[in-house]
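What follows is a set of notes on a single structure, which appears directly below.
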Amino acid sequence: MCTRYNTTTRAKYKGVTLGTFIQSSEQLSQAIAAQVASVSITDIHTHLFPQAFGELMSSGADDLINYHYLVAEALLDNRISKEYFWSLENSERADLIWQRLFVDQRPISEATRGIVTVLNRLGLATKDIKLSELREYFEETSKEQMIDTTLSLANVRDVVMTNDPLDEVESHLWINDKFRQLTSDKRFHRALRLDQILNDWENSKVKLVNRGYQVDGDLDTPNQRTLAVEELSRFLTEWITRMDPLYLAASVPSTFTYPASDLQTFLLDEVVMPVARRHNLTIAIMAGTKRQINPDLKLAGDSVASTDVGAVENLARNNPNNRFLVTLLSLEDQHRLTVVARKFSNIMIFGCWWFLNTPSLIEKITTMRLELLGPNFIAQHSDARVLEQLIYKWSHSRATITKALQSQYSLLFDENWAITEGDIEKDVTALFRGNFWNFIKRDPKS
Ligand code: HDL
Ligand code: ZN
């Protein structure tokens, strides 16, 4: 229990600081909880789309219940055949998932509890609610209203999408976006996703050639290589101009190494990183996936594996004029990533990604990051795929990150460091949006 100091006593430790000094550990905890609860967030990685993207926008009861996290959990019941499940309509699959995860058992997993949080925050009684009631709510609410309601309830100011220029549906929308509709909702920002190019060159090459880019040459011959570099750079530059992304992004498998004498390193070194430098764009590296270990689950069939954190070190050291947002999927890689991030000012760690996005792991990881980095990382991203998930993903993350911050600041407070609520506000704002915008060197108002 920290002894009470008056304002004057504390001031001598810190000179003149605006605001009233916090006087007790209870007041400190309350101040942290209030600041985390009220900070408006930049959600730096999601799979969300505004309404202008049509069918790509995911929202509503059946999409929420068909979230691939819930599909995986429902299909743990080996009485349900995958073939039968996938033969059903979306709404029939949602009925089955609802029965299995919310009626036959209690929704205590993170993804099922998330649905309960959404129901509760939307004011839908969670006592014995039927899926039909959730469907009715959405039938009575427009998409625009749902975006406004969701961003308000989640207190999210900016949403960064995942935009794939080689996705046939999405690229068609962009190429025909004569009236700039896709960028009209200024709350939604773009991230240009490079997975197909970096992880599946053979198929990407075919798509690029079909769009008129001369990249089909054999990359073993010097002038073919030069042409392919020029043409792929042209492709990326055209899409950067079209999308105006906040950053370039790629998820890479757990087997990712860098540098390596392989095509991935060639494309990174000769195209992606030079183009990023020319456009002053940051690159987000998301490593550690083990895709499709069970293809019967479709999007739910991906897994995780430890990755070579040395590849992150090498990317940062070998490319000092590139900036890297980094998140790793494996829990066992988190400590080494945090230590590596201490060594390079061109690395900024972000979020507790995917299988790490659970309260117990967020608290553990965030506390370690605070201990080793101070408030110099991006605390969280939602990875939301369905609009209303923002409500639970941010509510749950705020509650857990609050606990990690309270324990860290109380250690400081107990050593008589003078802290004001304004100080807490500055650090919390940095963790939930400021560090991101400063690191990518973009103005949120731009
Ligand atoms: O590659 C990614 O961006 C991952 O986030 C995948 O989209 C994954 O399916 C996911 O939704 N994780 O939350
Ligand atoms: Zn994602």
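Annotations for the structure displayed:
- If you filter the range 352-382 down to residues that are open to solvent by 10 Å² or more (accessible area, probe 1.4 Å) and not in a helix (DSSP H, G or I), you find that the one that is farthest from ligand 1 (Cβ to nearest atom) is Gly374.
- Any hit, the range 79-93, residues being more than 19 Å from Lys186 (Cα to Cα) and in contact with a Pro (Cβ under 9 Å, 6 or more places away or on another chain): no
- Of all residues in the range 234-255, those being away from ligand 2 (no atom under 16 Å from the Cβ) and either assigned to a loop (DSSP other than H, G, I, E, B) or farther than 30 Å from Gln181 by Cα (or both) number 2.
- Count of residues meeting criterion [surrounded by fewer than 16 Cβ atoms within 10 Å (Cβ to Cβ) and part of a helix (DSSP H, G or I)] in the range 204-233: 9
- Those residues of the range 314-325 which are under 15 Å from Val252 (Cβ atoms) and open to solvent by 30 Å² or more (accessible area, probe 1.4 Å), in sequence order: Asn314
- Among the residues of the range 63-99, the ones that are hydroxyl-bearing (Ser, Thr, Tyr) and away from ligand 2 (no atom under 16 Å from the Cβ) come to 4 in all.
- For the range 39-59, the set of residues classified as of a type in the set (Gly, Ala, Ser) and within 14 Å of ligand 1 (Cβ to nearest atom) consists of Ser58 only.
- The residues of the range 153-200 that are within 16 Å of ligand 2 (Cβ to nearest atom) and either assigned to a helix (DSSP H, G or I) or open to solvent by 50 Å² or more (accessible area, probe 1.4 Å) (or both), listed by number, are Asp167, Glu170, Asp195, Gln196, Leu198, Asn199.
- Residues that are part of a loop (DSSP other than H, G, I, E, B), away from ligand 1 (no atom under 16 Å from the Cβ), farther than 19 Å from Thr429 by Cα and not small (Gly, Ala, Ser) do occur in the range 325-344, at least one of them.
- The C-beta contact set for the range 328-355 (first residue touching a residue at least 60 places away in the same chain (Cβ under 8 Å), second residue among the aliphatic types (A, V, I, L, M) and open to solvent by 10 Å² or more (accessible area, probe 1.4 Å), distance under 7 angstrom, 6+ apart or interchain) comprises Leu329/Val304; Ser330/Val304; Ser330/Ala305.
- Residue match in the range 424-434 (condition: under 28 Å from Leu248 (Cβ atoms) and either within 16 Å of ligand 2 (Cβ to nearest atom) or among the hydroxyl-bearing types (Ser, Thr, Tyr) (or both)): yes
- Hey, Val169 in contact with a Phe, Trp or Tyr (Cβ under 6 Å, 6 or more places away or on another chain) and within 30 Å of Thr289 (Cβ to Cβ) or not: no
The values are calculated or read from the model by the stated rules, or taken from the named source; none is laboratory data. As the structure is a computational prediction, the values presented were derived from the model and not from experiment. Neighbour counts are summed over all protein chains in view; Cβ atoms, including those assigned to glycine, are modelled from backbone coordinates with ideal geometry. Keep in mind that these areas ignore ligands, DNA and RNA; they rest on the heavy atoms of the full protein, side chains included. Shrake-Rupley method; radii C 1.70, N 1.55, O 1.52, S 1.80 Å.
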